[in-house]
1. Would you pick out the residues in the stretch 693-713 that are within 20 Å of the chain's Cα centre (by Cα), not β-branched (Val, Ile, Thr) and not in a strand (DSSP E or B)?
2. Residue by residue through the stretch 249-272, note down the ones that are within 12 Å of ILE321 (Cα to Cα) and over 23 Å from the mean Cα position of the chain (by Cα).
3. When you look at CYS191, is it under 16 Å from the mean Cα position of the chain (by Cα) and either closer than 30 Å to GLY602 by Cβ or surrounded by fewer than 23 Cβ atoms within 10 Å (Cβ to Cβ) (or both), yes or no?
4. Give me the pairs, please: first residue somewhere in the stretch 332-360 and farther than 30 Å from ALA715 by Cα, second residue anywhere and charged (D, E, K, R) and part of a helix (DSSP H, G or I), beta-carbon distance under 9 Å, and either six or more positions apart or on two chains.
5. GLU416 fails exactly one of the following numbered conditions: (1) more than 27 Å from the chain's Cα centre (by Cα); (2) closer than 15 Å to ALA175 by Cβ. What is the number of that condition?
6. When the residues of the stretch 146-159 are filtered to those that are under 9 Å from ARG447 (Cβ atoms) and not small (Gly, Ala, Ser), which remaining residue is surrounded by the most Cβ atoms within 10 Å (Cβ to Cβ)?
Amino acid sequence: MSDETNGVASYMQQAKEQALKNVEHIAEDVAAGTMPEGKLFDIARSISDKRLEELTVDTTTCGYCAVGCRFDVYSDGNEVLATRPANPEKTPVNGISTCVKGKFSYGFVNANDRLTKPLVRNENGEFRTASWDEAYERVVEGFEDITDNYGGEALSVIASSKATNEENYLMGKFARQVLGTNTVDNCNRLCHSSTVTGLAKTFGYGAASVSIEDLETTDCYLITGSNTTEAHPVIGTRIKQNVRDGSDLIVFDPREVPIAEYATQYTQVNPGYDAVWINGLIRHIIENDLHDEAFIEERATGFEDMKEAVQEFTPERVEEITGAPAAEIKAAAETIATADTCVFGWALGITEHSHGTENVTALANLAAITGNVGKRGAGVSPFRGQNNVQGGGGDMGPLPDNLPGYQKIENDDVRETFEDAWNCDISADRGYYTTEMFHAADAGELRGMYCIGENPALSEPGKGHGETVLENIDFLVVQDLFLNETAKYADVVLPACSFLEKEGTFTNTDRTVQKVNPVIESRGDSKPDWVILQDLANRLGREWDYENTAEIMEEIRQLTPIYGGITQERVEREGGIQWPCFNLDHPGTQRLYTEAFNTEDGNAHLKPIGYSEPMETPDDTYPLTLTTGRVLYQYHTGTMTHRDEGIMTYNSQNFVEINPETAANYDIADGDPVCIESRRGEITVPAQVTDRVGTDTVFVPMHFAENAVNELTDAERLDPEAKTPEFKVSAVCIRPVESSAEESHKTNIEPASGDD
């Protein structure tokens, strides 16, 4: 038996409760007690060979985070039995690596509560199953009723960063061409829209400038607001390996996240003051003539205004505001400035603030003044969260102000191109962002919502307000795998296919477009999102006739310059292509800005960033700062991971991290139930006493519907440019909750993740 066969057999045997359950297992148990060891080996080898003959093996791209791992999936057509990294030639991002979720967490596919038929709400307000024809008829009636009475602008679409590029392109097209609204947005608004806004106005593209190769070869990292090893494990592994080979790693974060264990320097900072300490680094570099004068002279504008804006941020003042010791500000600045190359990595700990765009802009300033853009091993690297938030959440244009390829809707020429291609009129006025949709619905300006593959009832800030809006909106359609928290308010629920059951492409965190292939049959009567959209478009008077997703990608290619050379056939053949890829002969772009920035003058536009602070700060009533994030064994709102028994044995419930000194002050022991209260609401969760957080900070993950942390966060205070909520800073108070000793210490919690 070949090494490959041995490896597969081992994978299959180790995958808990996913092995084939048939008579062969009974026979093996009997044989184990009666046959010699050598004979058992021969039988086991024969059985493994036979099983492999009965399985299908298909390569696809992971549907969890945006690292973009590819792997072979072994299945019997109905169930994922095992995964293993594909041939490294087919896996340009992950090589031979995968994380625990990508390797094992597929219990959701065949979960008992998987939606397999459409649901409609009956006259008693209860759901019943329906045919696709009836469900489509109800959707059409609901949309047309709102359009007739209030106009298409009263409808909205929430697109899905879980879905493929092709499907997200159609979601934007459906909103504008079929419904007649620019109010289409996606979860990027809740996470990296600050990144897109900040990088677009400084460098030109709202995306990472680096490739995974740069993360493996750089001489220095500045990582902030990212729990990389838990939220993006494969990237974290690459970074750790490079650090062990001698690269410097500097981590600034309110929590001592696991990546900080490998850091050359870890500095704990107060949540919400990131632009302050970043400006402190910039000032120290400039004051000590450590900036790259040649790069600034040749490739940047706005240096003098930016220099003036950072003058107030002396190391001593930065320490006073942020808690970062002045000596550590100086040391970090000097390490970054004297390194040959540096990569600046961040995630939601930087962006999910009322001033997230300023934080990102300050990081871009820092990268530019040190000359760390456009060369090997250097650049900016926002670590994206959902598997296709780069492509589906941005590139494909399901946005209220952009058409595909970040082409501005206010641009007359751009709009005319799409109007001609789509045979419709498109307003030059942007629609509502996701965070604005709920306020607009509350005010009666939005009457209908089509929510595809997202769960805003749990993910939106101010959970209570979001639920009230969803309950009272005139007409709500939800398209998903499960009857999630949002779907419970819907008038019609449409069962969609998972990424394992359909074809298309995803675009990962370093702009690599990769192929997605079906590896199992679709469940029940569920359909791919693109098929549902096409069916609805045709019932609403359009004539869509796509035969497959390759035809959709061809239309994308024709209308989206940065995808101008990308076809599904080429992506499959080459393994992956990084955009921008302008034509079919273009090789793709491994590294942005090697010759010019994507701005009108080709220069980086440095921007003056002054003092900023959270919009809500602690006081006598709410003396602590709550920050939120992820844990390794869960994913987003838990729609997928909560249905995996193995995953749930590691993190089955919510919790709060509290510093030992703070816990002692409140007479709280590890495992005790704790009530956390903000100005919006309160939740009760068990304590995890740890020095990962400072004495004035507490941390709660964002994955659990029960005791959801978004009961506490603020839906009102948004970044003025990107409209991102301030998930990372909320003023709270805590108190112990009386319970029996058995209940108080009944926790099932792994050490938590970080501020991503």
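The values are calculated or read from the model by the stated rules, or taken from the named source; none is laboratory data. Given the structure is predicted, the values throughout are model-derived calculations rather than measurements. Neighbour counts run over all protein chains shown; Cβ positions are idealised from the backbone, glycine included.
1. Hits for the stretch 693-713 are MET702, HIS703, PHE704, ALA705, ALA708, ASN710.
2. Result: VAL269, ASN270.
3. So CYS191 fits the description; yes.
4. Qualifying pairs under 9 Å: ALA333/ARG283; THR341/ASP214; VAL343/ASP214.
5. (2)
6. Only one residue fits best here, namely LEU155.
Yes/no matrix, rows are residues, columns are (1) of a type outside the set (Lys, Arg); (2) assigned by TED's automatic domain parsing to the domain that holds GLU706; (3) under 20 Å from ASP214 (Cα atoms):
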| site | (1), (2), (3) |
| --- | --- |
| GLY576 | yes, no, yes |
| TRP579 | yes, no, yes |
| GLY588 | yes, no, yes |
| THR599 | yes, no, no |
| LYS607 | no, no, no |
| GLU616 | yes, no, no |
| ARG630 | no, yes, no |
| TYR633 | yes, yes, no |
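This table checks each residue for (1) under 30 Å from GLU166 (Cα atoms); (2) not assigned by TED's automatic domain parsing to the domain that holds TYR169.
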position	(1), (2)
THR357	yes, yes
THR361	no, yes
ILE369	no, yes
VAL373	no, yes
ARG376	no, yes
MET396	yes, no
